[in-house]
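Just below is one structure, and these are the notes that go with it.
The values are calculated or read from the model by the stated rules, or taken from the named source; none is laboratory data. Not measured: the values here are computed from a predicted model. Cβ placement follows ideal geometry from the backbone for every residue including glycine, while neighbour counts extend to all protein chains displayed. Areas reflect the complete protein model, heavy atoms only, side chains present, ligands, DNA and RNA absent. Shrake-Rupley method; radii C 1.70, N 1.55, O 1.52, S 1.80 Å.
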Amino acid sequence: LAKTTQPISMDSYEGQEVNITCSHNNIATNDYITWYQQFPSQGPRFIIQGYKTKVTNEVASLFIPADRKSSTLSLPRVSLSDTAVYYCLLEGYQKVTFGTGTKLQVIP
Amino acid sequence: DVKVTQSSRYLVKRTGEKVFLECVQDMDHENMFWYRQDPGLGLRLIYFSYDVKMKEKGDIPEGYSVSREKKERFSLILESASTNQTSMYLCASSFITDRGQVPQLQETQYFGPGTRLLVL
């Protein structure tokens, strides 16, 4: 199965833009790249999904280069409530691969 | 809103017991998943199912089995619980969107609140 690699942890000050990069060198043609957010004692929840180029929603942006071997989640102007673990996933037809997650700590 | 419920939030069992974890979703999703989550290891896929009575092994199926007799319900079974199965167990569901896209898109997964299992 394809694997994903993310930084274990990141710190950021409130109001800054945060970029979390995920490496997925063996991504398959059918895989979509999805990012989830998880707070303590809760299940992960969907943030954003893309296949290639750039996707933006009201919460985040996702940048995917042409070779699709990596992706970057961008959170604009983070607040304390964005402190969470962020997971990068490859979601293909009938298969899914979770990364180990990046623990983001937002500092006042 | 999609709702995924799990039968228990917290469970304490003894080594050797048979344990059933139940998951129910109310959105007619084809796909259902069982993960376990451990500190430093993230989420690891145990089993998934893409249709009733269908099941596929994930990354760590050893020591577990599953049952999907109805579309809305996916059960995880620990045949003989062991202390190394102490973990947080998360259930999720999703559906396939066939919009004529290639590749076929698997929609986002919706997760339940999790069951924290302690095996003594």
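In the stretch A:14-38, the qualifying residues are those that are facing another protein chain (nearest Cβ under 8 Å) and more than 18 Å from B:G42 (Cβ to Cβ), and the one that is surrounded by the fewest Cβ atoms within 10 Å (Cβ to Cβ) is A:T29. Here the condition is being outside any loop (DSSP other than H, G, I, E, B) and away from every other protein chain (no Cβ under 11 Å); of B:M27, B:M32, it holds for B:M32 alone.
Condition first: under 26 Å from B:C91 (Cβ atoms) and either open to solvent by less than 20 Å² (accessible area, probe 1.4 Å) or part of a loop (DSSP other than H, G, I, E, B) (or both). Now tell me which residues in the stretch A:44-53 satisfy that. Spell out how you get there, then give the answer.
From the stretch A:44-53, those under 26 Å from B:C91 (Cβ atoms) are A:44-50; that's our starting set.
Residues satisfying the conditions are A:P44, A:I47, A:I48, A:G50.
A count restricted to the stretch A:62-108 and to residues that are facing another protein chain (nearest Cβ under 10 Å), part of a loop (DSSP other than H, G, I, E, B) and either open to solvent by 20 Å² or more (accessible area, probe 1.4 Å) or farther than 21 Å from B:G42 by Cα (or both) stands at 3. Only residues that are outside any loop (DSSP other than H, G, I, E, B) and within 11 Å of another protein chain (Cβ to nearest Cβ): list them for the stretch B:37-56, please. Result: B:Q37, B:D38, B:G42, B:L43, B:R44, B:L45, B:F48, B:S49, B:E56. Can you pull out every residue in the stretch B:1-24 that is within 13 Å of another protein chain (Cβ to nearest Cβ) and either among the hydroxyl-bearing types (S, T, Y) or open to solvent by 60 Å² or more (accessible area, probe 1.4 Å) (or both)? Correct list: B:D1, B:K3, B:T5, B:R9, B:Y10. When A:V59 is tested against the conditions (1) of a type in the set (V, I, T); (2) touching a residue at least 24 places away in the same chain (Cβ under 8 Å); (3) surrounded by 13 or more Cβ atoms within 10 Å (Cβ to Cβ), the lone failure is (2).
Does A:S41 satisfy the criteria of being among the polar types (S, T, N, Q) and either surrounded by 22 or more Cβ atoms within 10 Å (Cβ to Cβ) or over 13 Å from the mean Cα position of the chain (by Cα) (or both)? Break it down stepwise before answering.
Working: among the polar types (S, T, N, Q): yes; either surrounded by 22 or more Cβ atoms within 10 Å (Cβ to Cβ) or over 13 Å from the mean Cα position of the chain (by Cα) (or both): yes.
Yes.
Return the residues of the stretch B:57-73 that are assigned to a loop (DSSP other than H, G, I, E, B) and hydroxyl-bearing (S, T, Y); say none if nothing qualifies. Don't jump to the end; show me each part of the working.
Step one: filter the stretch B:57-73 for residues assigned to a loop (DSSP other than H, G, I, E, B), giving B:58-64, B:71-72.
Once the filter is applied, which keeps residues that are assigned to a loop (DSSP other than H, G, I, E, B) and hydroxyl-bearing (S, T, Y), the stretch B:57-73 yields only B:Y64.
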